[in-house]
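Shown next, in structure tokens, is the structure this report addresses.
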Amino acid sequence: MILPPFTPIEHPERVLNFMVRTVWGLTDPQRFYALMQEAQALCVPGTYLGDNLFTWGKSNSPFEDKRFVAAWENNCQNDADRAIAWRRYILACAAFHCAQIDGDFVECGVYRGTSIKTIVDYFGKENFDKTFWGYDTFDYNPVEHHAFEGQTTGLYQEIQQRFAGYDNVRLVQGLLPQSLEGNSPERIALLHIDLNSAEFEIAVLDALFDRVVPGGMIILDDYEWSGQYRLQKIAEDAWFAERNYRTFPLPTGQGIVLKR
Ligand SMILES: C[S@@+](CC[C@H](N)C(=O)[O-])C[C@H]1O[C@@H](n2cnc3c(N)ncnc32)[C@H](O)[C@@H]1O
């Protein structure tokens, strides 16, 4: 696999600020953003506000990697896609690692395909020579009260069109985990799980964890979020504890498991 080129830092003394008005769980958004603007003025540069993160004095690495910035920006379709730049960069860096080991890439929970497309575009679709499997029901959301905009008849076809020319991406429509049967790889380098459901995520781990190769990575998109997502962490912690694994909780809300 030809890897994305390294971007050397040209101006060590300069760090970027990133601020978008997309966070969740606010009781008074207007006051929150006014206070955040004021807080940003009190902080050293290198701030990130968005996706329920407020950090400062950081390098903001996602925005230093030119190939990533292009892949992320070209694939943003809504405000949430912009806000989760840091989450997307965690995925891109995991993909960089996993591209160099045996096994395919798998995403369970594709929706509009933005994370898959961002990763493949980070490499360049002509350079990406692994198979990337994406599983979703697409046209409806089986998780109660969790349908996303546009999840109706025709979404699967629309997303297939979005991947026209991406010959290494295989989108499989159907309910997980059943849709994996006879239609999934035996060796997995990168497993991204983003189903918003403890029950379905555990079912996918039951089916796929043993196929993740040593050195491979599992990324749980909602692992560290509280509220309705907390049940996922609770179920996953118990599942991994039985196997002597512990999940790295990230401030982005993701969880990472390194397979040995
Ligand atoms: C948060 S979205 C995925 C977003 C995507 N990973 C991204 O970053 O752009 C979650 C998706 O999981 C799908 N999903 C949830 N449970 C599922 C199941 N049991 N089988 C198939 N798809 C499922 C939903 O239809 C929805 O499209």
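The values are calculated or read from the model by the stated rules, or taken from the named source; none is laboratory data. All values reported here derive from a predicted model rather than from experimental measurement. So basically every Cβ, Gly included, is an ideal-geometry build from the backbone, and we count neighbours across all protein chains shown.
Within segment 102-128, if we keep just the residues that are more than 12 Å from the ligand (Cβ to nearest atom) and within 18 Å of Val212 (Cβ to Cβ), the residue that is surrounded by the most Cβ atoms within 10 Å (Cβ to Cβ) turns out to be Phe105. The criterion of at least 1 residues that are over 18 Å from the mean Cα position of the chain (by Cα) and modelled with pLDDT of 95 or more is met by the following helices (runs of 4 or more DSSP H) wholly inside segment 1-91: 29-41, 66-75. Checking His192 against (1) surrounded by 23 or more Cβ atoms within 10 Å (Cβ to Cβ); (2) free of Cβ contacts under 8 Å to residues at least 40 places away in the same chain; (3) not acidic (Asp, Glu), which single condition isn't satisfied? With (1) surrounded by 23 or more Cβ atoms within 10 Å (Cβ to Cβ); (2) free of Cβ contacts under 8 Å to residues at least 40 places away in the same chain; (3) not acidic (Asp, Glu) applied to His192, the lone miss is (2).
Results for (1) part of a loop (DSSP other than H, G, I, E, B); (2) assigned by TED's automatic domain parsing to the domain that holds Val143; (3) free of Cβ contacts under 8 Å to residues at least 60 places away in the same chain, shown as yes or no for each residue.
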| residue | (1), (2), (3) |
| --- | --- |
| Asp167 | yes, yes, yes |
| Ser184 | yes, yes, no |
| Glu199 | no, yes, yes |
| Leu208 | no, yes, no |
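How many residues are among the polar types (S, T, N, Q), closer than 28 Å to Asp210 by Cβ and within 10 Å of the ligand (Cβ to nearest atom) when one looks only at segment 129-181? Please lay out each step first, then the result.
Quick first cut of segment 129-181, residues among the polar types (S, T, N, Q) only: 131, 137, 141, 151-153, 157, 160-161, 168, 173, 178-179.
Subsequent filtering for residues that are closer than 28 Å to Asp210 by Cβ retains 131, 137, 141, 168, 173, 178-179.
Restricting the remaining residues to those that are within 10 Å of the ligand (Cβ to nearest atom) gives 137, 141, 173, 178-179.
Adding up the residues that qualify gives 5.
In the condition set (1) more than 26 Å from Leu205 (Cα to Cα); (2) assigned to a loop (DSSP other than H, G, I, E, B); (3) free of Cβ contacts under 8 Å to residues at least 60 places away in the same chain; (4) not β-branched (Val, Ile, Thr), His145 is compliant with all but (1). Taken over segment 46-99, the criterion of being without any contact (Cβ under 8 Å) to a residue 12 or more places away in the chain and either at positive phi or assigned by TED's automatic domain parsing to the domain that holds Ile218 (or both) is satisfied by Cys93 alone.
Would you confirm whether or not segment 20-30 contains a residue that is charged (D, E, K, R), free of Cβ contacts under 8 Å to residues at least 40 places away in the same chain and assigned by TED's automatic domain parsing to the domain that holds Lys117? No - not one qualifying residue is present in segment 20-30. Return yes when Ala203 is touching a residue at least 24 places away in the same chain (Cβ under 8 Å) and surrounded by fewer than 20 Cβ atoms within 10 Å (Cβ to Cβ) and no when it is not. Criteria met by Ala203.
Every condition in (1) surrounded by fewer than 17 Cβ atoms within 10 Å (Cβ to Cβ); (2) under 18 Å from Gly124 (Cβ atoms) holds for Ala99 except the one numbered (1).
Here's the yes/no breakdown for (1) touching a Ser or Thr at 6+ places or on another chain (Cβ under 9 Å); (2) of a type in the set (Ser, Thr, Tyr); (3) within 19 Å of Tyr111 (Cα to Cα):
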{"site": "Gly182", "(1), (2), (3)": "no, no, no"}
{"site": "Pro185", "(1), (2), (3)": "yes, no, no"}
{"site": "Ile188", "(1), (2), (3)": "no, no, no"}
{"site": "Ile193", "(1), (2), (3)": "no, no, yes"}
{"site": "Phe200", "(1), (2), (3)": "no, no, yes"}
{"site": "Val204", "(1), (2), (3)": "no, no, yes"}
{"site": "Arg211", "(1), (2), (3)": "yes, no, no"}
{"site": "Gly215", "(1), (2), (3)": "no, no, no"}
{"site": "Ala238", "(1), (2), (3)": "no, no, no"}
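Of everything listed in (1) farther than 19 Å from Asp104 by Cβ; (2) part of a helix (DSSP H, G or I), the single unmet condition for Thr152 is (2).
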